[in-house]
Every structure is written in structure tokens, then in C-alpha cells.
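A.B. asks: Pasting a structure below so you can have a look.
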Amino acid sequence: MAVPKIVVLGAGLGGTIAAYELRAKLRDRAEIVLVGNSEDYWFVPSNPWVAVGWREPEAIRVHLPPVMERHGIGFTAAGATRLLPGENRLELGDGSTIAYDYLVIATGPDLAFDEIPGFGPQGHTLSICQTHHAAETHRRFEELCANPRPIVVGAAQGASCYGPAYEFAMILDTELKRRGVRDRVPMTFVTPEPYIGHLGLDGVGDTKGLLESEMRDRHIKWITNAKVTGVDAEVMHVEEVDDDGKTKRTHDVPFGFAMLLPAFRGVEAVRGIEGLSNPRGFILVDKHQRNQAFQNIFALGVCIAIPPVGPTPLPVGVPKTGFMIESMVTAIVENLGEILDGKEPTHEASWNAICLADFGDGGVAFIAKPQIPPRNTNWAAEGKWVHLAKVGFEKYFLRKIRKGESEPFYEKLALHVLGVKKLRFD
């Protein structure tokens, strides 16, 4: 008897774990197919380390085809060019199509570098969003160390991922000190956040105080409420706005090395589909991670639409952190299990967040339960232990991807001890 086909679109953190967890939960009750745009999984949280030469790209790569074959998961690296939800099929990059009974969208974002003149790897700034970007950033970093000049780091208006920008600024500071050239490299942090440590979450614990203190100690200047209007070779043009969003001063910030995180939008394959995605191309989902217009489609991670935590003078998006994404995975897997049993879905992701922000010689950790305020737990702390914890987590997570495991027993035990749950009513 034919079994339903569940297609997972996107082979990043969320999509890969979703494929593993669906196979473990449903076993032979469904055919699972993972659609990526590359045969390789890259551990993106380590990209800041790649960008300063602390990691080789190969060290954070997992070749997916043999892992998927071992677990009975179909796999293609052709990528998707267009979703046709009314026909329950995907058009793929190699000209073929794939039909599905259920679709889980986990594409991650499209990087909107083109929205600011001169911005991005094709312009005058660098990126750590993808590992091949980070490798080029490392090459440029070595040039900077040989010829010290000012640095600009941060995020552009509309960005929804701020932790890596803070991480990279501190890691740059740490490595430049090790090389003995920090005194010749002025640093400026540029962000649309209304204050340092907002993080798109209106802060977590005392992230405002912790991060401001770190930046003062490291002699990193900052511009908040910053709108980047354009980037020329070695000059970034920034408008600093007031609480009403009106320009109160302009800055022409010189640089010899600049890395700003871009705004995100939905990938082209899903943009402009009425009822499925919003004007930015993010997937609309209900509390069960399910799209209401096309009820056989679920979505998770960076590609879903989440409203901002509150009004800000400039667009400041909400981040979708790793554990938050994994909680969405678990909710979707449980809900698809219920649907295959002829029931309505009941599971909701907790959207709890555990985050380790590494600074090279220390770091900041926070737990937010849930990630979106108001919260039951709102905790942040700093220390050298955060760097060691981030190194350990990298090794653990890469092992998990290589083995095809979604949640080993010792991870469950650790989460139980912390009181952090993936499902809202567990």
C-alpha cells in the first residue's frame, strides 16, 4: 500500500533535523524526502570562527547523501525554483518536479543585500551568513591584519539576527589583540536596534548592560537606530534616527573592513503566493506551525513570519534561534503523526530559547522561556565558560547531524535539568 510522501524543503539546521525526526517518529508510515540546494550541510553558527581563521570550512561540513541513504530518507540537492501549492508539487532546479502529500518548508532566508546600494559581497561589505562568504571574509581579514584600517560591524535595518554581529565584533577584537594590531584598528558597531543588546527581543535579562559593558571595555563605539543608506568603497553612509524615525544626524563612517548582517526575506520559490506568504515572502503559520490557506503545508525556522516584539523607529526583526527552531520541528513532527492517525493537530512549539554568544575569550549566554516576551524565565550571564560551551556545542551538534540523530538521550536529560521544553504543554 502506498504511504504518504512528506517533502522537507530546505537542508539547513531545521530541515535536516526535521527529516531525521520525521523518520524516527513515523518509521515506515511515510516516505520522507529532503530537498536542499547543496549536498553539504554547513554549521552556520561557526562561521564567525571561519572568518578569522579559527576553523577551516571543511571542519564544519557534513556531506548529506550517505547519511540520508543510511536512514532511508530520499534526498536531492537540485533546490526548488517554485512551489505550486494548488498542485501539491515543487518545481526543482534541474527541471524536474516532485509531488508531495505534505510539505514542511524550512528554507531559511534569502539575503536581501540588494536593498542597499553598494551592500554585500557583490558590493563593498563582507558577510558571515554562509560559509563560503565567511571564507572570503577570512581572506580579507588577513589583508586587514597586514594593513590595519578601521572596522565596521553590525546589521542593516530590517535584519532579524543580531547575535552573530555582536559575536563577530568581539571575536575580531580578541583576534586583533592576539596579533598585536588592535591599537591600529578603530571599531564601530552599526545597528538598527534602539539600544545595544535589544537583539530583536527587547533584550533578555540584562543583555543591554552586559553588551554595553563589553563594548566599552573593548573600545568599540556604536551607532544605534542606524539606517544604512549606501556603501561606497571604504565609506559607509548612515542616518541615525530619533524615536519618531526622523533623521537626527548623518554619519560617513570610514572602513577598511566591513561586515553587516542583511535584512532577510523569503526565498524566491515561495514569494508572492497568496495565502502562503506575507509581502516579504515569509510563510504564514498558525500556532501548530501550519499554513491555514494550504493545510498540508507546515513551516519552521527563519522562513516563517513572526511580528516584531514591539514598535521600533527602524525595522528590527525577531530572530529564530536554534533551540526555538528545534521546538518548531518537534511540534510539526508530532502534528503530522496526529494527522496520519486521522486526528487534528494539537501540539504547539514552546519557542523557548537557549543562546550562547561567543566572544573568543568569553561570552554571554541567555535562556528565554519563551523567546518572545512576556517570559516565564528571563536570564542572561557572562563568563569564559561560554566560549568553552560554544566549542562543545559545535562538536556535539555536528556529531548529531553526521549520525542522523534528532535528540539523543543525554540532550533530553540536559534539557530536563534546565527545565527547557520543546513543546508548550509538556
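The values are calculated or read from the model by the stated rules, or taken from the named source; none is laboratory data. Quick caveat, the model's predicted, so the values are computed rather than measured. Every residue, glycine as well, gets a Cβ built from its backbone with ideal geometry; the counts of neighbours run over all protein chains shown. Heads up: the accessible areas ignore ligands, DNA and RNA and are worked out on the full protein's heavy atoms, side chains in. Shrake-Rupley method; radii C 1.70, N 1.55, O 1.52, S 1.80 Å.
A.B. asks: Filter the stretch 90-100 for residues that are of a type outside the set (Ser, Thr, Tyr) and either over 20 Å from Leu340 (Cβ atoms) or surrounded by fewer than 16 Cβ atoms within 10 Å (Cβ to Cβ) (or both) and give the result.
C.D. replies: Of everything in the stretch 90-100, those that are of a type outside the set (Ser, Thr, Tyr) and either over 20 Å from Leu340 (Cβ atoms) or surrounded by fewer than 16 Cβ atoms within 10 Å (Cβ to Cβ) (or both) turn out to be Leu90, Glu91, Leu92, Gly93, Asp94, Gly95, Ala99.
A.B. asks: Among all residue pairs at least 6 apart or on different chains, which show Cβ distances below 8 Å where the first residue, located in the stretch 379-407, is under 23 Å from Val50 (Cα atoms) and the second is among the polar types (S, T, N, Q)?
C.D. replies: Glu394/Ser46; Lys400/Ser406; Ile401/Thr16
A.B. asks: Among all residue pairs at least 6 apart or on different chains, which show Cβ distances below 7 Å where the first residue, located in the stretch 186-212, is basic (Lys, Arg) and the second is surrounded by 22 or more Cβ atoms within 10 Å (Cβ to Cβ)?
C.D. replies: Cβ pairs passing all conditions: Lys208/Ile196; Lys208/Gly197.
A.B. asks: Something else about it: In this structure, does Gly404 turn out to be farther than 30 Å from Glu39 by Cα, modelled with pLDDT of 85 or more, touching a Phe, Trp or Tyr at 6+ places or on another chain (Cβ under 9 Å) and open to solvent by less than 50 Å² (accessible area, probe 1.4 Å)?
C.D. replies: Here the answer is no, as Gly404 does not meet what is asked.
A.B. asks: Could you count how many residues in the stretch 216-241 are crowded, with 20+ Cβ neighbours inside 10 Å and in a helix (DSSP H, G or I)?
C.D. replies: Of the residues in the stretch 216-241, 0 are crowded, with 20+ Cβ neighbours inside 10 Å and in a helix (DSSP H, G or I).
A.B. asks: Something else now. Within the stretch 182-203, restricting attention to residues that are aliphatic (A, V, I, L, M) and open to solvent by less than 10 Å² (accessible area, probe 1.4 Å), which residue is modelled with the lowest pLDDT?
C.D. replies: My answer is Leu201.
A.B. asks: Across the stretch 1-24, what is the number of residues that are surrounded by fewer than 17 Cβ atoms within 10 Å (Cβ to Cβ) and in contact (Cβ under 8 Å) with a residue 12 or more places away in the chain?
C.D. replies: Adding up the residues that qualify gives 3.
A.B. asks: So which residues in the stretch 25-47 are surrounded by fewer than 18 Cβ atoms within 10 Å (Cβ to Cβ), in a helix (DSSP H, G or I) and either without any contact (Cβ under 8 Å) to a residue 40 or more places away in the chain or within 25 Å of the chain's Cα centre (by Cα) (or both)?
C.D. replies: Within the stretch 25-47, Arg27, Asp28 qualify.
A.B. asks: Please go through the stretch 363-377 and give me each residue that is assigned to a loop (DSSP other than H, G, I, E, B) and out of contact with any helix residue (DSSP H, G or I) (no Cβ under 7 Å at 6 or more places or on another chain), ordered by number.
C.D. replies: Pro370, Ile372, Pro373, Pro374, Arg375, Asn376
A.B. asks: Out of Val329, Val318, Val302, which single residue is β-branched (Val, Ile, Thr) and over 30 Å from Ile223 (Cβ atoms)?
C.D. replies: The conditions single out Val329.
A.B. asks: A follow-up question, please. How many of the residues in the stretch 349-375 are open to solvent by 20 Å² or more (accessible area, probe 1.4 Å) and farther than 18 Å from Tyr396 by Cβ?
C.D. replies: Result for the stretch 349-375: 8.
A.B. asks: Criterion first (open to solvent by 10 Å² or more (accessible area, probe 1.4 Å), among the β-branched types (Val, Ile, Thr) and either at pLDDT below 95 or over 30 Å from Ala258 (Cβ atoms) (or both)) does Thr76 satisfy it?
C.D. replies: yes
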